[in-house]
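Structure first, then comments.
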Amino acid sequence: MWGGRFSAGIDALMAELNNSFPFDRTMWAEDITGSMAWARQICAAGVITATERDELLRGLQIVYDEFASGAFPVKTADEDIHSAVERRLGEVVGAVAGKLHTGRSRNDQVATDIRLWTMSAITRADAAVQMVQQALIDQAVAAGDLIIPGYTHVQRAQPILLAHWLLSHFWPLQRDRERLADCAKRTAILPLGSGAIAGTPLKVDRHAIASELGMLGISANSVDAISDRDFIAEYLFTTAMIGVHISRLAEDMVFYSSAEYGFVTLADAYSTGSSLMPQKKNPDSFELARGKSGRLVGSLMTILTVLKGLPSAYNKDLQEDKEPLFDAARTIEILLPVVAGATATAKFNQAALLRGLDEAMLATDVADYLVDRGVPFRTAHKVVGQLVRLSEERGVKISQLALTDFQSIDPTFAADVLGCFSMAASVAARTVPGATGHQAVAAQLAAAQACMA
Ligand code: ARG
């Protein structure tokens with residue numbers, strides 16, 4: 001492919017280091033589709049005849065079918081997917097294959113291939129994220145009026161609807177989908193026609209190639225176009241963020257499925273056993289979700305580190321853009337359906353949720369009771385703190401203290417203070433949009449459902 005000015009062959013380990021075919025063969029369909037578009041355009045530009053174009057298209061289709069059926073004859077000498085396709089094309093159609101690369105460089109070719117590949121990876125990622133979102137919505141619908149202890153600092157804080165907690169994991173994923181959609185706009189830009197650095201001398205219609213390939217526009221500067229990998233960094237940031245979000249859901253699920261909480265039981269299909277302890281049922285699906293997020297963050301670090309300080313235009317370092325990209329895509333495409341399945345099949349245990357609802361979580365509601373009766377919140381906070389201490393000293397619940405005990409701390413208390421000691425009333429009081437009240441959560445659920453395609 002480039003041997004003309006060389007007199008000696010390549011060192012064997014150098015070849016292994018240099019060859020990207022073992023991993024970039026995953027872009028075979030994009031490479032061939034891009035070449036078909038190029039063949040049509042260089043014909044339209046008068047560089048090859050219609051007969052030559054048709055011969056190239058026929059040969060490219062044969063190579064395409066070989067890849068699709070697994071029959072593509074691999075040669076260890078193939079440096080990358082681009083040279084492999086061109087080599088095979090030559091075997092199929094003969095000398096005319098040598099005309100395909102006219103006016104094109106592997107620099108604008110690889111940049112085009114990887115953009116096309118990332119465009120479909122974004123579509124697949126969006127679908128995979130939606131699977132988890134749908135599982136959360138379905139569980140939120142099934143949760144009805146069930147109440148779960150809400151934690152801050154992993155300490156019991158306030159009662160919230162189980163549906164509200166479930167949906168708290170929906171919205172981060174919705175933001176991730178927005179990031180994917182935004183990244184897609186910058187990914188679908190055509191670099192082809194940039195040549196090696198200076199732009200092709202052929203009079204090709206770059207806009208026509210872009211629309212043939214389903215892209216939204218063309219790059220503005222050939223030097224930038226051949227080395228712009230921002231879209232990969234953006235995709236990898238988004239998949240890292242998805243990993244972080246999924247790992248936070250996973251962390252809750254791992255804790256909630258322990259005997260200490262007992263809030264949720266995971267389906268056998270998404271758990272594994274211990275080789276030593278017969279009683280164990282481990283939440284491996286969610287533990288792996290937590291672990292895989294580290295790998296996704298690592299891929300983001302890889303691309304940013306490769307890009308940092310790179311001289312302008314194409315440098316071979318850029319070949320290192322592919323493995324983190326492919327790995328991140330594969331990781332989320334396996335991980336998210338598993339997380340969706342594990343979430344959809346999890347069973348929430350009402351009795352355990354009730355046991356977790358400690359009356360002290362209503363202390364804020366007692367303070368709100370005083371605030372309603374004109375007591376400044378800071379005073380109310382202190383008063384309720386004293387009530388909590390008194391109840392602890394006596395070893396009883398706050399609601400079991402006598403009214404005279406309440407009134408000895410603050411005379412504002414009346415018999416109706418007992419109305420504060422209801423989890424349902426506490427939840428129901430929170431009616432503003434975004435809060436845990438039943439109406440607000442119903443509206444939130446409707447908004448979440450409207451986000452689904
Ligand atoms: N395999 C290369 C890559 O992934 C293709 C581009 C090679 N370009 C070059 N000038 N050697 O980046």
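The values are calculated or read from the model by the stated rules, or taken from the named source; none is laboratory data. What you are looking at is a predicted structure, and each value in this text was computed from that prediction instead of being measured. Heads up, the Cβs are rebuilt from the backbone with ideal geometry, glycines too, and the neighbour counts pull from every protein chain shown. These accessible areas exclude ligands, DNA and RNA; they are computed on the full protein's heavy atoms, side chains included. Shrake-Rupley method; radii C 1.70, N 1.55, O 1.52, S 1.80 Å.
What is the distance, in nm, between label points placed 7 Å from the Cα along the Cα-to-Cβ direction at ASP372 and at GLU260?
The two pseudo-label positions are separated by 3.6 nm.
What shape does the range 189-228 have by the C-alpha gyration tensor, where a ≥ b ≥ c are the square roots of the eigenvalues, rounded means a/c under 1.5, and otherwise prolate means a/b greater than b/c and oblate the rest?
oblate
Hey, which of these cross-link pairs are over 26 Å Cα-Cα: LYS203/LYS322; LYS281/LYS322; LYS185/LYS308; LYS292/LYS322; LYS75/LYS203?
Table pairs above 26 Å Cα-Cα are LYS203/LYS322; LYS281/LYS322; LYS75/LYS203.
Can you give the Rg/Rh ratio of the range 12-154, where Rg is from the C-alpha atoms and Rh is the Kirkwood radius?
1.25
How big, on average over all directions, is the shadow cast by the Cα convex hull of the chain, in nm²? Could you put the intermediate results ahead of the total?
Values: hull surface 119.6 nm².
Result: a mean projected hull area of 29.9 nm².
So, in Å, what gap is there between the alpha-carbon centers of the range 229-301 and the range 405-445?
Between the Cα centre of the range 229-301 and that of the range 405-445, the gap is 35 Å.
From the Cα gyration tensor of the range 99-244, with a ≥ b ≥ c the square roots of its eigenvalues, which class applies: rounded if a/c is under 1.5, or else prolate if a/b is larger than b/c, or else oblate? The partial results should precede the final answer.
Numbers: a/c = 4.87, a/b = 3.26, b/c = 1.49.
Prolate shape, in that a/c is at least 1.5 and a/b is the bigger ratio.
Output needed for the range 341-448: three equivalent-ellipsoid semi-axes, defined as square roots of 5 times the C-alpha gyration tensor eigenvalues, in descending order, whole Å.
Listed largest to smallest, the semi-axes of the range 341-448 are 31, 19, 10 Å.
Cα centroids of the range 174-205 and the range 47-88: how far apart, whole angstrom?
Rounded to whole Å, the Cα centres lie 24 Å apart.
In Å³ and rounded to a whole number, note down the convex hull volume per residue for the Cα atoms of the range 309-370.
Dividing the Cα hull volume of the range 309-370 by its residues yields 218 Å³.
Over the chain, what relative contact order in percent results from Cα pairs under 8 Å that are six or more residues apart? All intermediate terms of the calculation are to be shown ahead of the outcome.
Values: 599 pairs, mean separation 73.1, N = 453.
Relative CO of the chain lands at 16 percent.
Taking only C-alpha pairs under 8 Å that are 6+ residues apart, what is the relative contact order of the range 288-366 in percent?
For the range 288-366, the relative contact order is 33 percent.
Set the Förster radius R0 to 60 Å, insert the Cβ-Cβ distance between LYS281 and THR51 as r into 1/(1 + (r/R0)^6), and round the FRET efficiency to 0.05.
In this case the efficiency is close to 0.35.
Counting only protein chains, not ligands or nucleic acids, how are VAL338, VAL306, VAL383 ordered by accessible area (probe 1.4 Å), most first?
Heavy-atom accessible area, descending, gives VAL338, VAL306, VAL383.
Given the whole protein assembly as supplied and a 1.4 Å probe, what does the accessible area of LYS397 come to in Å², nearest 10?
Estimated to the nearest 10 Å², LYS397 gives 110 Å².
When the accessible area of the chain is computed with all protein chains present and a 1.4 Å probe, what percentage of it is carbon and sulfur?
Here carbon and sulfur together make up 57 percent of the probe-accessible area.
Just tell me which aspartates and glutamates come within less than 20 Å, Cα to Cα, of LYS397; anything on the same chain fewer than 8 places away is out.
Correct list for LYS397: ASP358, GLU359, ASP365, ASP368, ASP405, ASP410, ASP416.
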